[in-house]
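Since the structure comes first, as structure tokens, the remarks are kept for the end.
The values are calculated or read from the model by the stated rules, or taken from the named source; none is laboratory data. In this text, all values refer to a predicted model and were calculated from it rather than measured experimentally. Reconstructed Cβ throughout: ideal geometry from the backbone, glycine too, with neighbour counts over all protein chains shown. Just so you know, the surface numbers come from the protein's heavy atoms only, side chains and all, with ligands and any DNA or RNA stripped out. Shrake-Rupley method; radii C 1.70, N 1.55, O 1.52, S 1.80 Å.
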There are 2 protein chains.
Amino acid sequence: MKKLINKPLDFVRESLEGMALAHPDLIHVNYDPAFVYRADAPVHGKVAIISGGGSGHEPMHNGFVGMGMLDAACPGEVFTSPTPDQMLAAAKKVDGGAGILYIVKNYSGDVMNFEMATELAFSEGIRVLNILVDDDVAVKDSLYTQGRRGVGTTVLAEKICGAAAEQGYSLQQVADLCRRVNLNGRSIGMALTSCTVPAKGTPTFELGDREIEMGIGIHGEPGRERTNIKSADEITQILTLSILEDSPYKRVVREWDEHKQEWVDVELIDPVFNKGDRLLAFVNSMGGTPLSELYIVYRKLAEICDQHGLQIVRNLIGPYITSLDMQGCSITLLKLDDEMIRLWDAPVKTANLRWSI
Amino acid sequence: MKKLINKPLDFVRESLEGMALAHPDLIHVNYDPAFVYRADAPVHGKVAIISGGGSGHEPMHNGFVGMGMLDAACPGEVFTSPTPDQMLAAAKKVDGGAGILYIVKNYSGDVMNFEMATELAFSEGIRVLNILVDDDVAVKDSLYTQGRRGVGTTVLAEKICGAAAEQGYSLQQVADLCRRVNLNGRSIGMALTSCTVPAKGTPTFELGDREIEMGIGIHGEPGRERTNIKSADEITQILTLSILEDSPYKRVVREWDEHKQEWVDVELIDPVFNKGDRLLAFVNSMGGTPLSELYIVYRKLAEICDQHGLQIVRNLIGPYITSLDMQGCSITLLKLDDEMIRLWDAPVKTANLRWSI
């Protein structure tokens with residue numbers, strides 16, 4: 001293993017220390033328990049948005065803490081769920097009195113711990129709602145996951161909901177919006193190479209010199225198919241059609257009901273994409289794939305969307321939800337409405353996503 | 001070779017096509033000869049800034065075209081200088097009547113072709129000045145280079161000079177500023193792995209499983225030393241001290257003299273860094289190294305600068321001047337003055353660098 005690290009066990013902490021040193025105007029870091037939070041937290045009267053998950057997917061989530069996006073992020077060890085005490089401590093730190101939304105990627109550990117944190121926060125008088133992201137069309141049920149995995153749509157949900165919170169949406173409104181973003185977003189990824197977890201020191205899986213894995217998970221979980229290397233156009237075609245031809249996905253998720261004070265089952269069905277839909281197209285690097293190649297993927301993606309009568313009106317291209325040093329990419333398509341477009345365009349100022357009007 | 005590409009020979013063109021599709025609000029692309037230019041070019045009365053060089057270093061330079069940075073970028077084939085006709089055509093397209101600054105990285109092919117383009121532009125009545133960037137302290141004279149190579153400071157010069165041009169600086173003022181940024185900036189890089197040029201299909205050089213190369217060039221040119229893998233802290237220490245302990249670097253460069261209408265020799269000497277200096281610290285990924293590792297490097301870099309009484313007042317951390325899929329990093333330190341800080345902070349809106357006040 002060759003990486004720019006010191007002791008593998010210090011990887012997450014030292015990376016956080018570097019972030020804290022680099023961006024003191026934007027974020028502060030609490031180390032025990034570990035969470036990154038807005039330098040100006042709590043923002044009084046604003047719904048606070050917290051996400052988190054295993055480390056190794058940077059810039060998600062730490063790099064998205066700041067004005068217009070997350071109020072806090074809870075990083076676990078590499079590919080390991082953060083713990084409820086991190087999520088609770090973060091909630092206490094950033095609670096501005098208007099409640100907190102936990103945005104949770106659908107992995108068993110994350111789901112369990114965020115649910116526990118939700119109950120703990122409730123018992124301490126902090127209003128919390130939690131919304132799952134389960135947008136990966138590649139496989140149903142996977143290593144670490146019941147149902148579909150949460151991937152690229154998470155980044156888009158954090159941006160859109162962050163803007164909504166900034167504009168004064170109520171907790172219930174932000175939660176409803178987050179659910180809607182998740183329902184309208186679909187993703188799928190692929191790997192050219194494995195990633196290497198620092199503490200393990202060897203590749204998570206083996207791919208031959210001419211092998212790729214379609215439908216890979218962001219922790220190297222098995223995908224749909226291991227196949228011979230194909231051209232960027234062929235790969236993009238397979239990924240994009242997997243999304244466009246995905247059937248309505250029906251599942252039941254658990255959400256916290258503030259009034260009943262209990263978990264309730266919510267049945268969700270993804271709408272399909274239709275001719276004339278406006279899309280946000282997100283082409284993401286798995287970490288080791290350079291920008292030049294992402295634009296080659298985007299080129300074909302734009303062509304296919306055009307052929308299907310789908311209009312890409314916004315895009316995001318770069319490494320935003322990664323898998324350490326894995327080479328490969330993922331594509332996320334999000335069906336937009338006017339409200340989502342307005343919120344996407346709203347200013348954001350974080351360490352790793354930043355723009356203004 | 002596993003990459004997200006189609007035919008290797010289409011790599012540059014297809015990546016440009018993807019960029020053009022993704023950012024029609026910011027840039028347009030001319031394909032024959034190839035250059036990327038601001039969608040609103042020419043900006044009348046503003047000095048235009050043009051850079052360029054071999055492809056494979058994305059987002060540099062194409063991703064830096066837009067308000068507050070470059071007016072045009074001329075991409076060559078991978079690791080191959082663009083040609084004078086590209087540079088001349090770009091100059092004609094973006095000339096707003098206030099003259100053009102060519103920012104040229106010090107590689108023999110780039111230098112020769114930008115000099116030729118300067119003369120061609122002059123003969124067509126377009127005012128052009130050209131400034132070299134030669135900031136790599138690793139080695140003097142190298143594959144493709146007489147003197148020091150131009151690397152990370154190029155990104156900073158493009159941002160700072162771009163802001164100056166936006167604020168109405170004259171051509172001579174922008175050129176003088178660019179020269180000053182180059183003199184005050186020093187860089188050095190290292191590689192954990194080689195890069196693979198698409199048309200070649202095999203790694204440019206070989207590194208063993210536990211070998212790294214210190215002082216690497218952005219085309220995989222040999223560096224100072226091939227050594228065993230070290231910790232991130234040790235690597236950062238070696239890189240940083242190479243910069244801080246660099247002697248004043250004296251050389252003669254050629255610049256175009258508008259009044260004499262000829263090339264003149266200009267003697268330049270880099271100032272050294274002194275206690276109390278304010279720095280911009282730029283930690284750059286070579287392409288395949290993820291953000292999490294860059295922050296570990298930044299952490300140690302900040303500590304060393306602090307120990308030396310140097311104050312990091314601005315930073316840039318991410319993949320900005322890359323070498324295809326190479327894993328590794330580079331560090332650039334730029335000694336700032338009030339004017340440079342003000343210009344660094346000024347708004348910028350390009351595909352891959354974007355912020356507002």
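Points worth noting:
- Number of positions in region B:258-271 that are open to solvent by 50 Å² or more (accessible area, probe 1.4 Å) and either in contact with a helix residue (DSSP H, G or I) (Cβ under 6 Å, 6 or more places away or on another chain) or part of a loop (DSSP other than H, G, I, E, B) (or both): 3
- Unique match (being within 16 Å of residue B:302 (Cα to Cα), in a loop (DSSP other than H, G, I, E, B) and of a type outside the set (Lys, Arg)) among A:4, A:16: A:4
- Options B:317, B:331, B:304; residue that is more than 30 Å from residue B:202 (Cα to Cα), at pLDDT 95 or above and either aliphatic (A, V, I, L, M) or surrounded by fewer than 24 Cβ atoms within 10 Å (Cβ to Cβ) (or both): B:304
- Residue match in region A:1-10 (condition: surrounded by 24 or more Cβ atoms within 10 Å (Cβ to Cβ), of a type outside the set (Asp, Glu) and under 21 Å from the mean Cα position of the chain (by Cα)): no
- Members of region B:186-222 found to be surrounded by fewer than 19 Cβ atoms within 10 Å (Cβ to Cβ), in contact (Cβ under 8 Å) with a residue 24 or more places away in the chain and touching a strand residue (DSSP E or B) at 6+ places or on another chain (Cβ under 8 Å), listed by number: B:196, B:199, B:202, B:222
- Residue count for region B:1-23 under the criterion of being under 22 Å from residue B:52 (Cα atoms) and without any contact (Cβ under 8 Å) to a residue 60 or more places away in the chain: the result is 9.
- When region A:19-63 is filtered for residues that are in a helix (DSSP H, G or I) and either away from every other protein chain (no Cβ under 12 Å) or of a type in the set (Gly, Ala, Ser) (or both), the ones remaining, listed by number, are A:20, A:22, A:63.
- Residues in region A:231-244 that are open to solvent by 20 Å² or more (accessible area, probe 1.4 Å) and within 10 Å of chain B (Cβ to nearest Cβ) were compared, and the one that is nearest to residue B:6 (Cα to Cα) is A:231.
- If you check B:275, B:260 for being of a type in the set (D, E, K, R) and at pLDDT below 95, only one passes: B:260.
- Here residue A:296 fulfils each of the conditions (1) within 12 Å of another protein chain (Cβ to nearest Cβ); (2) open to solvent by 10 Å² or more (accessible area, probe 1.4 Å) apart from (2).
- Number of the exception - residue B:250 against (1) over 25 Å from residue B:139 (Cα atoms); (2) open to solvent by 30 Å² or more (accessible area, probe 1.4 Å): (1)
- Test for residue B:283: is it part of a strand (DSSP E or B), crowded, with 24+ Cβ neighbours inside 10 Å, touching a helix residue (DSSP H, G or I) at 6+ places or on another chain (Cβ under 9 Å) and facing another protein chain (nearest Cβ under 9 Å): yes
- Only residues that are closer than 24 Å to residue A:13 by Cβ and more than 9 Å from chain A (Cβ to nearest Cβ) were counted in region B:299-310, giving 4.
- Criterion: within 30 Å of residue A:252 (Cα to Cα), open to solvent by 10 Å² or more (accessible area, probe 1.4 Å) and touching a helix residue (DSSP H, G or I) at 6+ places or on another chain (Cβ under 7 Å) - qualifying residue of A:17, A:58: A:58
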